[in-house]
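Values quoted throughout were computed directly from the atomic coordinates according to the rules given, and no laboratory measurement underlies them. Here the structure is a predicted model, which is why all the values come from computation and not from measurement. Quick reminder, even Gly has a Cβ in these numbers, built from the backbone with ideal geometry, and neighbours come from all protein chains shown.
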Amino acid sequence: MDKKKIIELLRDDMRGEHQAVIQYLAHAYALGEGEIPGDIEEMARDEMRHFDWLADVIVELGGDPDMQREPPDLSIEPPSVQMRKDVNLEQQAIDQYRDHMEQIEDEGIRRLLARIIHDEVEHQKKFRAFAEEFEQEGEPEPEGEDEEVSERLADILNYGVRHEYTVILQYLYHSFVADDWELKEEMERSAINEMQHMGWLGEELQERGQQPDFNHLEPFLSRDHVANLKANIDIEDEVTQAYSNQIPEVEDEEIREILARVRDHEIYHSDVFRDLLEEAKERQGKGSPAKKPKAPEESDDEPKAPDVPSIGSLRNKRD
């Protein structure tokens, strides 16, 4: 099989991982706090690692990572029904990865897909156990069922969710295609921080009985690092101003504090991106090649990914 076909198969796999991340987060948020939603968020982080690993292989093969997703099921159903949907989604992933392993001859890629399948099988077991627990012991009450939230507050929080989701994709892509190790790491760290923001805002919505708007704007995706950094600065400056304008409108003190903290993080990102932009322009002006990304030494040949902090359930972990 030629590289082009392998890339297309792996791009299909990326879309499935992206779908799973969003679907699992939606189901975790709907359950509120507790052991089971925490376990579901851990599985969402596993899927994000798979997404990262697949993107790295695609870039190594000379391809373009796919930042689109298959449609997640975001319908509102009893928790047991949601868990059964997740069982089925895992089965689809397992079947697809096994099919791709049969088609791909490259042993390194086959080993990676086998590693991912191992996670998916374990996820499926957990989702099946959760479904059985809810069916036997009764469905928990929906998170925030009795809460009231103004339309304006919901708009403010959903604006943040959409923005954070957009820049997560944008910064991850810029990390995937970066040919400078410092830039690659900084874009990945920034994306991880934006994941935290999306979790904070999304959980505040869900706690008030509002399902977060898991849609995003069009991310700026290119392989021109100078253009990417300029776009990142622009979007950070824009959202910083938006959050600053929104904070005085919010009466809830906890949400004001969250928005202020997120805004201050965005200011930090913008400052870091400005420094990186100057370095990228200097390299470009000198015509010198960028520093090639070089992964840290690994103790074995299993794919590695940075530890991703919890995307949600961070109510007492914001310091």
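Taking all Cα pairs closer than 8 Å and separated by 6 or more residues, the relative contact order of the chain comes to 20 percent. Take every pair of alpha-carbon atoms less than 8 Å apart whose residues are at least six positions apart; their mean separation over the length of segment 154-222 yields a relative contact order of 49 percent.
Relative to the Cα centre, the charge distribution of the chain, modelled as +1 at Lys and Arg Cβ and -1 at Asp and Glu Cβ, gives a dipole magnitude of about 1400 debye.
For segment 47-178, relative contact order (Cα pairs under 8 Å, six or more residues apart, normalised by length) works out to 34 percent. State which stretch of the chain is the longest one without any exposed trypsin sites (Lys or Arg not before Pro), exposure meaning a DSSP loop state and at most 16 other Cβ atoms within 10 Å. Result, exposed sites excluded: 1-222.
With 0.36 nm allotted per residue and the present C-alpha distance subtracted, the D12-E148 stretch has 45.0 nm of extension available. Computed over the chain, the per-residue total of -39500 (n - 2.57) for DSSP H runs of n ≥ 4 gives a 222 nm mean residue ellipticity of -25000 deg cm²/dmol, rounded to 500. Phi angles of segment 271-278 translate, via the Karplus equation with coefficients 6.51, -1.76, 1.60 and θ = phi - 60°, into HN-Hα couplings of 5, 5, 5, 5, 5, 5, 5, 4 Hz per residue; Gly and Pro are given as x. Placing pseudo-labels 7 Å out from each Cα toward the beta carbon at D252 and E35 gives an inter-label distance of 2.8 nm.
Rg of the Cα atoms in segment 50-160, relative to 2.2 N^0.38 Å, amounts to 1.43. For L217, the amide hydrogen comes within under 5 Å of the amide hydrogens of T166, counting only partners 5 or more places away or on other chains and with H modelled in the peptide plane.
Place +1 on the Cβ of every Lys and Arg and -1 on the Cβ of every Asp and Glu in the chain, take the dipole about the Cα centre, and give the residue among A280, M83, H123 whose Cα lies farthest towards its positive end. Checked the options; the winner is A280. With 5 Å bins beginning at zero, the pair-distance distribution over Cα atoms of segment 154-249 amounts to 2, 14, 22, 24, 17, 10, 7, 3, 1 %.
Computed from phi, the 3J(HN,Hα) profile of segment 211-226 under the Karplus parametrisation 6.51, -1.76, 1.60 (θ = phi - 60°) reads 6, x, 8, 7, 10, 10, 7, 7, x, 8, 10, 8, 9, 8, 5, 5 Hz, with x in place of Gly and Pro.
Here the extension length gained between E70 and K281 equals 72.3 nm, from 0.36 nm per residue of separation less the Cα-Cα distance.
Restricting the calculation to alpha carbons of the chain gives Rg and Dmax of 20.2, 67 angstrom.
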